[in-house]
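Each remark here refers to the structure printed beneath this line.
The values are calculated or read from the model by the stated rules, or taken from the named source; none is laboratory data. This one's a predicted model, so the numbers in the text were calculated from it and none came from an experiment. Here the Cβ is made from the backbone with ideal geometry for all residues, glycine too, and neighbour counts use every protein chain on show. When the accessible area is computed, the model is the full protein with side chains, heavy atoms only, and any ligands, DNA or RNA have been set aside. Shrake-Rupley method; radii C 1.70, N 1.55, O 1.52, S 1.80 Å.
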Amino acid sequence: MANNSKWRVVAETSNLIETERPYTNYYALAYSITREPMGDGRYRISTRAWCGLKDWECRPHADEGLARAKYYMKTGQQQNGAR
């Protein structure tokens with residue numbers, strides 16, 4: 001997230017990583033990633049990306065930001081360039 005968000009990371013624990021909240025009417029994405037225990041050693045990972053505008057006005061688009069975050073969590077590698 002530190003490499004994909006304009007906003008600095010303000011919370012970083014084993015169950016939460018979150019950036020600063022975006023300014024109202026600003027296009028850059030903010031992120032929140034949480035990990036919830038489901039039992040039997042399994043976890044649910046929830047990701048959220050948003051900006052201070054409507055989702056389709058964010059840059060990159062919120063869906064693309066989420067896809068990049070999930071790709072990184074699965075592979076440990078950043079995606080280069082736009083999809």
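Once both labels are modelled 7 Å past Cα along the beta-carbon direction, what's the Met73-Asn3 spacing in nm?
1.8 nm
What dipole magnitude, in Debye to the nearest 20, does the chain give about its Cα centre under +1 on Lys/Arg Cβ and -1 on Asp/Glu Cβ? The partial results should precede the final answer.
Values: 13 positive and 9 negative charges, 29 e Å.
For the chain, the charge dipole is close to 140 debye.
Please identify the chymotrypsin sites (Phe, Trp or Tyr not before Pro) of region 1-72 that satisfy two criteria: DSSP loop assignment and at most 16 other Cβ atoms within 10 Å. Which are they?
On the way: sites: Trp7, Tyr23, Tyr26, Tyr27, Tyr31, Tyr43, Trp50, Trp56, Tyr71, Tyr72; in loops: Trp7, Tyr23, Tyr26, Tyr27.
Answer by residue number: Tyr23, Tyr26, Tyr27.
At 0.36 nm per residue, minus the direct Cα-Cα distance, what do Arg42 and Ser14 gain on full extension? Give it in nm, one decimal, please.
Details: separation 28, 0.36 × 28 = 10.08 nm, distance 1.41 nm.
Taking Arg42 through Ser14 to full extension adds about 8.7 nm, to one decimal.
Calculate what fraction, in whole %, of the accessible area of region 3-47 sits on carbon and sulfur atoms when a 1.4 Å probe is rolled over the protein chains.
Details: 1350 of 3120 Å².
Carbon with sulfur: 43 percent of the solvent-accessible area.
Which log10 I(q)/I(0) values, to two decimals, does the chain give at q = 0.13 Å⁻¹ under the Debye formula with one point per Cα?
For the chain, the Cα-only Debye profile gives -0.41.
Given 20 °C and 1.002 mPa s, how large is the Stokes-Einstein diffusion coefficient of region 16-64 in µm²/s, with Rh as the Kirkwood radius over Cα pairs? All intermediate terms of the calculation are to be shown ahead of the outcome.
Working: Rh = 11.7 Å.
Once the numbers are plugged in, D ends up at 183 µm²/s.
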